[in-house]
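Enquirer: The structure follows.
The values are calculated or read from the model by the stated rules, or taken from the named source; none is laboratory data. None of these values were measured; they are calculated from a predicted model. Cβ coordinates were reconstructed from backbone atoms using ideal geometry, including for glycine residues, and neighbour counts include every protein chain displayed. Accessible surface areas use protein heavy atoms only, side chains included; no ligands, DNA or RNA. Shrake-Rupley method; radii C 1.70, N 1.55, O 1.52, S 1.80 Å.
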Amino acid sequence: MRAIRRFTVRTVLPPELASLGELVRNLRWSWHPETLDLFAEVDPEVWERVGHDPVALLGAVDPARLRELAADRRFLRRVADAADDLHEYKTAPGWYQTVPDAPRAIAYFSPEYGIAAALPQYSGGLGILAGDHLKAASDLGVPILAVGLLYRHGYFTQSLSPEGWQLEHYPSLDPGGLPLTLLREEDGTPVRTAIGLPEGRALHAQIWIAQVGRVPLLLLDSDVAENDVAARDVTDRLYGGGTDHRLMQELLLGVGGVRAIRAYCRVTGHPEPEVFHTNEGHAGFLGLERIRELTESRLSFDEALEAVRAGTVFTTHTPVPAGIDRFPAEMIARQFGGDNAWPTVPVDRILALGAEKEPGKFNMAAMGMRLAQRVNGVSELHGEVSREMFQDLWPGFDASDVPIGSITNGVHAPTWVGREIMELAGRELPALVERAQGWEGVNKISDADVWAIRGRLRARLVEGARERLRRSWLARGASRAELGWIDDALDPDVLTIGFARRVPSYKRLTLMLKDPDRLRQLLLDPDKPVQIVIAGKAHPADEGGKKLIQQIVKFADAEDVRHRIVFLPDYDMALGQLMVQGADVWMNNPLRPLEACGTSGMKAALNGGLNLSIRDGWWDEWYDGTNGWAIPTADGVGDPDRRDELEAGALYDLVEYEVADRFYDRAADGLPLRWLEMVRHTLTSLGPKVLAGRMLRDYVVDLYTPAAKSGRALLKDGYEPARGFAAWKLRLAQAWPGVRVEHVETSNLGDTPEVGASLEVRATIALGELRPEDVRVQAAYGPVGLHDELVRPAYTTLALESDGDDGRAVFAGTVPLDRTGSFGYSVRVVPDHPLMDTPAELGLVTVPEEPAGMTNGTLR
Ligand SMILES: *Cc1c(COP(=O)(O)O)cnc(C)c1O
């Protein structure tokens, strides 16, 4: 008989060990090996059995052992030291405390978080990034208050059928068995938050706190008695269920999330956030809730929208249009209309925020961009792709003007870097992680030391892989007697390639199988063999992805290669750590440019692994010719099959002639000197860049602080500037059709203009109802393309020269002829207001009716 409910009975710790309980409840242990050592000491055997899960350890350890420890003075001293260290870590001022004007607090919203394998609330890169964001924020003292959902079944755990088909399991998680505490009112009752649903229903939630160093992560949980059965299941699974279910989750995350933050600040005295950051569009409803708050007290919808936008940051993560989160508009109308409408937030205004080209759709990314004054992608290339992808939202502007910037992702070194390397780094390079400095110090470490550590990490991967392989085969129905070969599967001295990722089609799990014979040759090469460790989960609804996994598994099952290529089920953070630390080479072959950033290769690089990847995402930006290898992309080739063939061929050649050659080229003392040179170069060139600390600093300096300043500027004097700005925008939009470029004249341009000369530009602009200070008139200039279009033009602002009574004004300025070759210019008029962040903000622009390029001469 199956249990209908499962829960964990927690151990009552002896009072002497109270601090041990605190250490367990702060997830800092997930990146702090000394604390893990302490847990191991509680009972080494149980610690192994529970898979290094401290909550499970305390649940499983014999109470007699706890009593023994409570009397062990040496152990108690160690617990006290660790607790002191945690306290010091949480309260010491960090880098953030030196940033002028930084926000008092920042709210961070994400649908998933990868903090530790023992808190399985993530599916892939988005969640892992969110986890690393919180950890780096904690390290640097950034006052983030994070919000997510607590999924009672997490994502899923993966195993394989005998035929190699992915099987999904949804173990039920009991919050009592996780490192969480319930948020309570002062009188001890659990805090509740609720949101209204149509037809008089409501969705209630309680709030769990996962403490990530100094960052509290609030997780909303709808499994409470006040809910009906359907509402209780809203937070059952991550990315499970249909559209309706997803909408409920996103409402709870966005609207409920803001309410949870208000409750948390009320109960704990934590400062209210000045900036709200939404990691992907799922939490976008948070902007509506904040508009509602402001409209209920004092502002109109438009005024509140300005106040909210100024302090909102939106990060987009997908370059795939199909990956954008969308709902049928009528679902949104039902949720925010009728008997469930918010009186001060008209439903048609909400619908307009999510409108997109296709009628009847509500687009969460479009709403994210309209509700956030600052938007970014997650690598330079992804920023560029996003500007093109969302260009429709800023009609009339070139893609290069679309106000989407980029901050390239990073990874949290203490989470992902092998302990041996961290310890070496701690000795040799104290500043390495904290300040992203000192990486040149890698050159002081001897070749022999670097190689010895790489060998240890590789051997650990081989051991771990064998263990997992054995478990997988037993689960697939094999008997122990047939599994003797696993003792020798993989070889701790063979060049090891790691390949782990989710399995959407663009990541091309099976590209390496394009020519199976060639792959077999590489694996079985007598002198320079290669071994490959593979892992990845397909989304439960993705039959295509599961077929790809099955193809890999079938290939790897074959007796002749099974000791050189393995698929390890259930890719999670623990397996990820093992792989990125142990692999000599980290392979990635997405279809360019569909990988927004990618972070697993960064983790490998920090461990001295070399990247072998298509130049996509971060690798497009930071590959420098000698810090790894770039698989040539055939992204101009239209036929996908042919493209795969070309790219796979290039991959095999690289592995055979470059990678393996270098790895097996040994000096007399057995050291692969040319390989180690590349490892050093990887560490020194990529080390400082790929850190989550660098990413956090970028967010704080480029986005959070400017957003806080904009937000503060709007709320002065009881939101007077927000009122003025909203009224101005309305006036601009109404009067804009009256704006025209009437006449443009130039002087100084002889027959054969020469580089270094300059051009006087004078433009007469009809302003209609507007004043000259409402607009900015700019000369755009630069190289000209085939159809007379300006290619990535530069802009210079023309100054007001004269302002007539007839609604016309003349603006003039100088354009430098700063390059040879074909050159053109034009003029544009955009709105101008001190509270705007970019000229494209209102989506209004006027250009001359005659096309650009009034001169299209060639400069000498
Ligand atoms: C790092 C990581 C990811 C994301 O890696 P990508 O390179 O973006 O695919 C996904 N899952 C796990 C478990 C990870 O550790």
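Enquirer: If amide H atoms are built 1.01 Å from N in the plane of the peptide, which residues on other chains or at least 5 residues away come under 5 Å of the amide H of Leu160?
Expert: Counting only residues 5 or more places away or on other chains, the set is Leu167.
Enquirer: Another question, if that's okay. Rg and Dmax of segment 739-859, Cα atoms, in Å?
Expert: Cα-based Rg and Dmax for segment 739-859 come out at 14.4, 43 Å.
Enquirer: With the dipole of the chain worked out from charges on the C-beta (+1 for Lys and Arg, -1 for Asp and Glu) around the Cα centre, which of Pro93, Leu129, His277 lies farthest toward the positive end?
Expert: Working it through, the farthest residue towards the positive pole turns out to be Pro93.
Enquirer: What does the charge dipole of the chain about its Cα centre add up to, to the nearest 20 debye, if the Cβ of each Lys and Arg holds +1 and the Cβ of each Asp and Glu holds -1?
Expert: The dipole magnitude comes to about 1940 debye.
Enquirer: Give the residue list of GluC sites (Glu not before Pro) in segment 28-121 that are DSSP loop and have at most 14 other beta-carbon atoms within 10 angstrom. Walk me through the intermediate numbers first.
Expert: Working: sites: Glu34, Glu41, Glu45, Glu48, Glu68, Glu88, Glu112; in loops: Glu112.
Those that pass, being in a loop and sparsely packed, number zero.
Enquirer: Name the residue from Asn26, His681, Leu457 whose Cα lies farthest towards the positive end of the charge dipole of the chain, charges +1 on Cβ of Lys and Arg and -1 on Cβ of Asp and Glu.
Expert: Working it through, the farthest residue towards the positive pole turns out to be Asn26.
Enquirer: Run a plain Debye calculation on segment 437-689 (Cα atoms as equal point scatterers, no solvent) and give log10 I(q)/I(0) at q = 0.07 Å⁻¹, rounded to two decimals, same order as the q list.
Expert: Each listed q maps to, in turn, -0.22.
Enquirer: If you build the Cα gyration tensor of the chain and take the root of 5 times each eigenvalue, what three semi-axes come out, in whole angstrom, biggest first? Let's see the in-between values first.
Expert: Numbers: eigenvalues 461, 267, 131 Å².
Gyration-tensor ellipsoid for the chain: 48, 37, 26 Å.
Enquirer: Ok, one more. Report the charge-dipole magnitude of segment 15-90 in Debye, nearest 20, computed about the Cα centre from +1 at each Lys and Arg Cβ and -1 at each Asp and Glu Cβ.
Expert: Using Cβ point charges on Lys, Arg, Asp and Glu, segment 15-90 gives about 160 debye.
Enquirer: Can you give the extra length, in nm with one decimal, that the chain gains between Ala459 and Glu168 once fully stretched, where that is 0.36 nm per residue apart less the Cα-Cα distance?
Expert: Length difference between fully extended and current span is 101.8 nm.
Enquirer: Could you give me the radius of gyration and the Dmax of segment 311-411, taking only the C-alpha atoms into account and expressing both in angstrom?
Expert: In order Rg, Dmax, the Cα atoms of segment 311-411 give 14.8, 46 Å.
Enquirer: Shifting gears a bit: Ordered by residue, what ³J(HN,Hα) values in Hz, to whole numbers, does segment 824-829 give under the Karplus form 6.51 cos²θ - 1.76 cosθ + 1.60, where θ = phi - 60° and Gly and Pro are x?
Expert: Karplus values, whole Hz, x for Gly and Pro: x, 8, 8, 10, 9, 10.
Enquirer: Moving to a separate point now. Considering only DSSP beta bridges where both residues belong to segment 93-406, give the percentage that are antiparallel (nearest 5). Don't skip to the answer; put the middle values down first.
Expert: Values: 25 of 47 bridges.
Within segment 93-406, antiparallel bridges account for around 55 percent of the total.
Enquirer: While we're on this one: Given N residues in segment 45-163, what is Rg(Cα) / (2.2 N^0.38 Å)? Don't skip to the answer; put the middle values down first.
Expert: Details: Rg = 19.0 Å, N = 119, 2.2 N^0.38 = 13.5 Å.
Expressed relative to 2.2 N^0.38 Å, the Cα Rg reads 1.41.
Enquirer: Ok, one more. Taking the Cα centre of segment 739-859 as the origin, how large is its charge dipole in debye, to the nearest 20, when only Lys and Arg (+1) and Asp and Glu (-1) carry charge on their Cβ atoms?
Expert: Working: 8 positive and 20 negative charges, 66 e Å.
The dipole of segment 739-859 has a size of about 320 debye.
Enquirer: In whole percent, and with a 1.4 Å probe on the protein chains, what portion of the accessible area of segment 437-689 is carbon and sulfur? Each step should come with its number before you reach the end.
Expert: On the way: 4600 of 9530 Å².
Result for segment 437-689: 48 percent of the exposed heavy-atom area is carbon or sulfur.
Enquirer: Could you give me the percent of Cα pairs per 10 Å distance bin for segment 238-347, shortest bin first, beginning at zero and ending with the bin that holds the maximum distance?
Expert: 13, 41, 36, 10, 0
Enquirer: Just how far, in whole angstrom, is segment 611-632 from segment 785-849 if you go by their alpha carbon centroids?
Expert: Here the two parts' Cα centres lie 38 Å apart.
Enquirer: Between Val224 and His270, what's the calculated FRET efficiency when r is the beta-carbon distance and R0 is 25 Å? Round to 0.05.
Expert: 0.60
Enquirer: For segment 93-406, what is the per residue volume of the convex hull drawn over the alpha-carbon atoms, in cubic angstrom? Write out the running numbers ahead of the final one.
Expert: Working: hull volume 50.9 nm³, N = 314.
Convex hull of Cα atoms, per residue: 162 Å³.
Enquirer: Mind counting lysine pairs for me in segment 484-627? Cα separation below 23 Å, and the two need to be 8 or more apart along the chain or on different chains.
Expert: Lysine pair count for segment 484-627: 15.
Enquirer: Taking every pair of Cα atoms in segment 15-90, average 1/r, invert it to obtain the Kirkwood radius, and report Rg/Rh to two decimals.
Expert: Taking Rh as the inverse mean 1/r over Cα pairs, Rg/Rh reads 0.93.
Enquirer: While we're here: Over segment 630-695, what lengths in whole Å, largest first, do the semi-axes of the equivalent ellipsoid take, defined as the square roots of 5 times the eigenvalues of the alpha-carbon gyration tensor?
Expert: Each semi-axis is the square root of five times an eigenvalue, giving 29, 22, 6 Å.
Enquirer: Just the number, please: percent antiparallel of the DSSP beta bridges in the chain, rounded to the nearest 5.
Expert: Close to 60 percent.
Enquirer: Enter the Cα centre distance for the pair segment 284-362 and segment 456-502, rounded to the nearest angstrom.
Expert: Value for the Cα centre distance between the two parts: 49 Å.
Enquirer: Here's another thing I want to ask about it. Considering only Gly718, Ala799, Pro753, whose Cα is most displaced toward the positive end of the charge dipole of segment 674-813, charges sitting on Cβ of Lys, Arg (+1) and Asp, Glu (-1)?
Expert: Gly718
Enquirer: Could you tell me the distance between the Cα centroids of segment 706-778 and segment 511-563, to the nearest Å?
Expert: With segment 706-778 and segment 511-563 each reduced to a Cα centre, they are spaced 59 Å.
Enquirer: Just from its helices, what would the mean residue ellipticity at 222 nm be for the chain, if runs of 4 or more DSSP H residues each count -39500 (n - 2.57) and the sum is divided by every residue, rounded to the nearest 500 deg cm²/dmol?
Expert: Calculated at 222 nm, the ellipticity per residue is -11000 deg cm²/dmol.
Enquirer: Looking only at segment 437-689, where both bridge partners belong to it, what percent of the DSSP beta bridges are antiparallel (to the nearest 5)?
Expert: Of those bridges, close to 0 percent are antiparallel.
Enquirer: If you don't mind, there's one more thing I want to ask. Percent of accessible area on segment 15-90 owned by carbon and sulfur, 1.4 Å probe?
Expert: Values: 1920 of 3820 Å².
Looking at segment 15-90 in its full context, I get 50 percent from C and S.
Enquirer: I'm a student and want to see the number: the projected area of the Cα convex hull of segment 262-310, averaged over all directions, in nm².
Expert: Mean projected area for segment 262-310: 3.9 nm², to one decimal.
Enquirer: Over the Cα atoms of segment 239-287, what Rg and Dmax result, in angstrom?
Expert: Computed over the Cα atoms of segment 239-287, radius of gyration and Dmax are 12.4, 38 Å.
Enquirer: So how do 730-736, 685-691 stack up, highest first, on mean other-Cβ count within 10 Å?
Expert: My ranking of the peptides, most packed first, is 685-691, 730-736.
Enquirer: Could you sort 836-845, 164-173, 606-615 so that the peptide with the highest average Cβ count within 10 Å comes first and the rest follow in order?
Expert: Order by mean packing, descending: 606-615, 836-845, 164-173.
Enquirer: Counting only heavy atoms of the protein chains, get the accessible area per residue of segment 679-807 (1.4 Å probe) and round it to a whole Å² value.
Expert: 47
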